[in-house]
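Engineer: My questions all concern the structure below.
The values are calculated or read from the model by the stated rules, or taken from the named source; none is laboratory data. Just so it is clear, the model here is predicted, and its values are computed rather than measured. Virtual Cβ from ideal backbone geometry, glycine too; neighbours counted across all protein chains shown. When the accessible area is computed, the model is the full protein with side chains, heavy atoms only, and any ligands, DNA or RNA have been set aside. Shrake-Rupley method; radii C 1.70, N 1.55, O 1.52, S 1.80 Å.
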Amino acid sequence: MSGTIKELHQVQVHVTQLQLGMYVSALDRDWLETPFLFQGFLLTDPDDLFTLRSLCDHVVIDLPKSRTMTLDLPAMHSSEVVPRPAYGISNDVQSEIRAANTGYRQAFSEVRNMLKGIQEGDGFDAAQMRLAVRACLDSVIRNPSALLWLTRIKHVDQYTAEHCLNVGIQAMALGRHLGLGRKHIELLGLCGMLHDVGKMRVDQAILNKPGRVSTEEFEHLKLHVTYGREELSKDPDMPREVIAAAYSHHERLDGNGYPEGLAGAGLGFYTRLVTIVDAYDAITSSRCYSASNSSATALKILYENRGTQFDEKLVVRFIECIGLYPPGALVEMSSGEVGVVLSVDPAHRLLPKVALVRDAGKRPMTQQVVDLAAEQGLQPEQRMRVARVLTDGEYGVDLEDFTIRNISLSDQLD
């Protein structure tokens with residue numbers, strides 16, 4: 001009898017039939033694969049409804065705990081499936097990048113001031129950091145490629161500030177790709193921008209040391225996660241997800257990370273996602289002790305370590321999000337020319353539009369734009385194709401200079 005009563009109380013529904021006021025008691029996946037903090041909650045926020053419809057196929061609702069007055073069990077079991085919500089591209093990259101640049105510069109200024117305040121012992125204003133996130137959020141929603149392009153323009157002497165900002169932007173782009181609601185995307189941005197605040201309290205000479213650090217020095221650098229948790233915990237309103245991401249973004253699913261060696265069950269969704277993005281941006285950046293790698297190399301490393309170091313499903317979705325040929329990437333063509341990827345048609349992800357800037361001999365050439373997708377009508381031997389993704393800056397191609405001259409930016413990117 002108890003089983004029958006439970007079945008009457010618990011009803012599985014397709015996510016497209018969810019309504020505000022329903023109590024969600026179970027998902028069709030592990031709760032740790034979602035941004036929901038509580039394992040069971042009353043659905044009152046449209047952002048949560050949007051996110052459930054994007055991440056899940058079915059959920060279980062608890063009828064007695066639900067408050068909706070439009071509960072219709074026959075309708076819930078209807079075969080009609082409402083299309084999933086999705087973010088569309090409302091601006092092309094060339095149109096969006098000026099607004100994106102304004103948001104990026106505003107956010108970078110806030111991140112730099114935040115890090116300086118911590119280093120000098122003055123702390124920081126969390127409200128200002130939320131403004132920094134929101135300065136980028138609308139652009140990410142309209143077209144994430146514009147801000148992702150700007151994250152590729154890097155300066156070794158500004159690594160920590162740029163890295164924090166870039167991780168925040170890339171985390172928001174992945175959240176958008178997953179179909180999360182805006183509040184969850186914003187929280188991911190905050191997690192990313194604040195994940196490395198503890199680095200301002202470690203010995204800066206060791207942090208910026210060229211070459212390999214000693215075992216003792218590495219143990220000191222590992223303290224940045226503890227310092228980060230301490231700094232963020234000073235704010236009573238700081239979301240616990242942000243504190244957890246700062247403290248645990250060097251943990252691994254297999255338990256071989258630090259500071260506590262937590263295994264997968266101890267790592268929440270936001271931390272899992274930030275860990276992936278943090279590694280990607282670090283691998284593709286030039287640092288005082290290592291050269292940068294191409295985006296393709298970074299994605300290969302993430303993929304090879306999925307399931308052990310990184311969440312497997314999120315790695316796959318991140319690779320989808322970034323793409324093999326992301327806008328702003330430097331590529332070499334099969335015919336030898338070198339160019340910058342301008343845009344990618346989602347229907348033809350392997351056939352980007354490329355601005356050629358070096359000829360087959362790797363000499364500067366009059367810029368020529370080729371649309372690989374438009375060449376599909378040509379004979380195979382006549383078509384151009386991408387041979388490999390290069391590291392930013394190869395063959396003297398300066399992405400920052402290219403962006404200023406070609407993408408409607410008249411002022412300096414800094």
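Engineer: May I ask you to list the residues in region 318-357 that are closer than 27 Å to G257 by Cα and surrounded by 15 or more Cβ atoms within 10 Å (Cβ to Cβ)?
Structural biologist: The answer is F318, I319, C321, I322.
Engineer: Sticking with this one: Being under 26 Å from L314 (Cβ atoms), free of Cβ contacts under 8 Å to residues at least 40 places away in the same chain and of a type in the set (A, V, I, L, M, F, W, C) is true for just one of A246, A205, A265, A279. Which residue is that?
Structural biologist: That would be A279, the only listed residue that is under 26 Å from L314 (Cβ atoms), free of Cβ contacts under 8 Å to residues at least 40 places away in the same chain and of a type in the set (A, V, I, L, M, F, W, C).
Engineer: Go through (1) hydrophobic (A, V, I, L, M, F, W, C); (2) open to solvent by 60 Å² or more (accessible area, probe 1.4 Å); (3) in a loop (DSSP other than H, G, I, E, B); (4) at pLDDT below 85 for L409 and report which single condition fails.
Structural biologist: (2)
Engineer: Could I ask something else about it? For region 223-231, state whether one or more residues are in a helix (DSSP H, G or I), β-branched (V, I, T) and open to solvent by 20 Å² or more (accessible area, probe 1.4 Å).
Structural biologist: Checking region 223-231: at least one residue is in a helix (DSSP H, G or I), β-branched (V, I, T) and open to solvent by 20 Å² or more (accessible area, probe 1.4 Å).
Engineer: Related question: Every residue in region 359-378 that is outside any loop (DSSP other than H, G, I, E, B) and open to solvent by 40 Å² or more (accessible area, probe 1.4 Å), please.
Structural biologist: Once the filter is applied, which keeps residues that are outside any loop (DSSP other than H, G, I, E, B) and open to solvent by 40 Å² or more (accessible area, probe 1.4 Å), region 359-378 yields P364, M365, T366, Q367, Q368, V369, D371, A374, Q376, G377.
Engineer: Of all the residues that make up region 239-278, how many are basic (K, R) and either within 18 Å of L174 (Cα to Cα) or in a strand (DSSP E or B) (or both)?
Structural biologist: Total meeting the criteria: 1.
Engineer: Determine which single condition G257 fails, assuming it passes every other condition in (1) open to solvent by less than 30 Å² (accessible area, probe 1.4 Å); (2) more than 24 Å from the chain's Cα centre (by Cα).
Structural biologist: (2)
Engineer: Out of curiosity, is G255 in contact with a strand residue (DSSP E or B) (Cβ under 7 Å, 6 or more places away or on another chain) and over 30 Å from I89 (Cα atoms)?
Structural biologist: Spelling it out, G255 is indeed in contact with a strand residue (DSSP E or B) (Cβ under 7 Å, 6 or more places away or on another chain) and over 30 Å from I89 (Cα atoms).
Engineer: Against the definition (outside any helix (DSSP H, G or I), surrounded by fewer than 19 Cβ atoms within 10 Å (Cβ to Cβ) and out of contact with any Lys or Arg (no Cβ under 7 Å at 6 or more places or on another chain)), how does P236 come out, yes or no?
Structural biologist: Yes, satisfied.
Engineer: Sticking with this structure for a sec: Among the candidates T51, T4, which residue alone is of a type in the set (S, T, N, Q), at pLDDT below 90 and not in a loop (DSSP other than H, G, I, E, B)?
Structural biologist: Unique residue meeting the criteria: T4.
Engineer: Now for a separate question. State which residue is nearest to G261 (Cα to Cα) when the search covers only region 294-315 and only residues that are among the polar types (S, T, N, Q) and surrounded by 19 or more Cβ atoms within 10 Å (Cβ to Cβ).
Structural biologist: Among those residues, the one meeting the criterion is Q309.
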